[in-house]
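S.K.: Mind looking over this structure? Questions follow.
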Amino acid sequence: MTANGWIVEHRTESLLRGIRSSGVCVIYLDTDLAVRLVENPPSSWPPTEHILATGDVAIFDPFTAERVLAAKREVLAQGEPQRIEAPLRRDGADLLWFELSIEQDRDGADDVRGLFVAVTDITHVKRREAALRDLLFEVSHRSRNMLAILQSVLGQTATNATSVIEFEEKFRGRIASLAQSQDLITYANWQSVRFRRLAEAQVAPYSEKDGASPIVEGPDPQLSPNTTLHLGLALHELAANSHAFGVLAHGAGAIEIIVAPIDGGFRFEWIETPDSPIFPDVEIWGFGRTILQHVVPRALQSDAVFTVRPDGVRYALDLPNRHADDTPPPPESRSSRLSAQG
């Protein structure tokens with residue numbers, strides 16, 4: 001073998017080895033668009049002899065095969081390279097995507113003698129794009145829901161406030177409540193949030209006095225994002241009013257937050273018992289009462305009972321299992337006192 005022959009042979013071997021290691025498939029077609037070479041075809045493709053015999057129809061569905069063939073004809077006629085994305089649909093398997101880069105092959109006299117087609121598997125890119133679209137849609141959907149909640153809270157807080165100062169104080173508190181719940185949802189990767197984490201986030205800012213921290217008893221179910229937002233708002237109203245008028249204001253008495261399984265779901269109860277009758281009439285609760293009796297139950301399609309009496313406050317909310325699952329918590333967390341972070 002001559003030196004030039006040895007160089008050509010080894011150069012060809014090196015090029016083929018590089019093509020295989022890169023994952024790129026190379027196809028060569030003559031000027032009649034007949035397939036003459038298929039190097040390093042994807043494992044999902046049919047045997048090479050089928051591709052050599054019938055071309056694109058051996059790989060793609062008829063519509064896609066015709067679209068690919070039309071692009072090849074245009075490159076052969078016009079000379080401008082093209083890139084085209086082609087889906088590969090297989091029975092009982094996930095959809096695959098390939099990018100075809102098509103360009104002319106010319107000889108030393110600059111005459112066209114065929115086409116080079118470089119094929120790259122872009123399935124992972126298309127799946128990332130689809131996941132990103134789904135995420136953006138989810139963010140948009142949740143943002144619209146949040147804006148609707150904010151609009152309702154803003155309007156009702158303004159309607160029930162007796163002064164600008166009262167409006168600002170209550171509106172800021174409710175916005176902070178939604179923000180705390182949203183943080184938990186974000187940290188959970190937009191998945192479920194444990195009830196105890198939600199209760200701690202909503203109650204701890206108001207639990208400042210020694211001995212007044214609420215005690216949580218029962219299971220620790222996981223809550224959907226929508227349930228987290230609305231149940232968090234209910235817990236905020238109960239804690240904020242206790243901090244203004246009740247046990248959390250005076251540091252005397254007890255608050256129990258009880259989670260109990262019921263038929264088809266869970267019951268959440270806030271039981272606040274003062275050492276002495278210190279609670280005002282329910283009318284003073286204003287929009288807080290509306291949130292507890294109407295806004296939250298309606299949003300969660302649940303039943304609620306809210307009572308304010310001289311001997312204490314009781315709020316009970318029944319949630320169907322579509323809002324919470326019954327994954328049990330670790331045994332040591334079935335009864336705990338919420339830590340103060342105020």
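None of the figures in this text is laboratory data; all of them are computed from the coordinates on show. Just so you know, these numbers come straight off a predicted model, no measurement behind them. Note that we place each Cβ from the backbone using ideal geometry, even for glycine, and neighbour counts take in every protein chain shown.
S.K.: Separation between the residue 63 and residue 182 pseudo-spin-labels, each 7 Å from Cα along Cα→Cβ, expressed in nm?
M.R.: In this crude spin-label approximation the distance works out to 4.0 nm.
S.K.: Could you give the nm distance between label points at residue 276 and residue 91, where each point is 7 Å from its Cα heading toward the beta carbon?
M.R.: Taking the simple label geometry, residue 276 and residue 91 are separated by 8.4 nm.
S.K.: Continuing with the same structure: Whole number please: convex hull volume per residue of the Cα set in region 24-121, in Å³?
M.R.: In region 24-121, the Cα hull volume divided by residue count equals 90 Å³.
S.K.: Could you sort the peptides 238-249, 183-194 by per-residue average Cβ neighbour count (10 Å cutoff), highest mean leading?
M.R.: By packing density, highest mean first, the sequence is 238-249, 183-194.
S.K.: Which residues among region 56-85 fall inside the zone where the amide N is under 20 Å from a point 7 Å beyond the Cα of residue 106, along Cα→Cβ?
M.R.: 72-83
S.K.: To the nearest 0.05, what FRET efficiency results for residue 124 and residue 77 with a Förster distance of 45 Å applied to their C-beta separation?
M.R.: 0.85
S.K.: Convert 4 °C to kelvin, take the viscosity as 1.567 mPa s, use the Kirkwood radius over C-alpha pairs of region 176-272 as Rh, and evaluate the Stokes-Einstein diffusion coefficient in µm²/s, rounded to a whole number.
M.R.: Diffusion coefficient, whole number: 95 µm²/s.
S.K.: How do 220-228, 66-74, 296-304 rank on mean C-beta neighbours within 10 Å, highest first?
M.R.: The peptides rank, most packed first, as 220-228, 296-304, 66-74.
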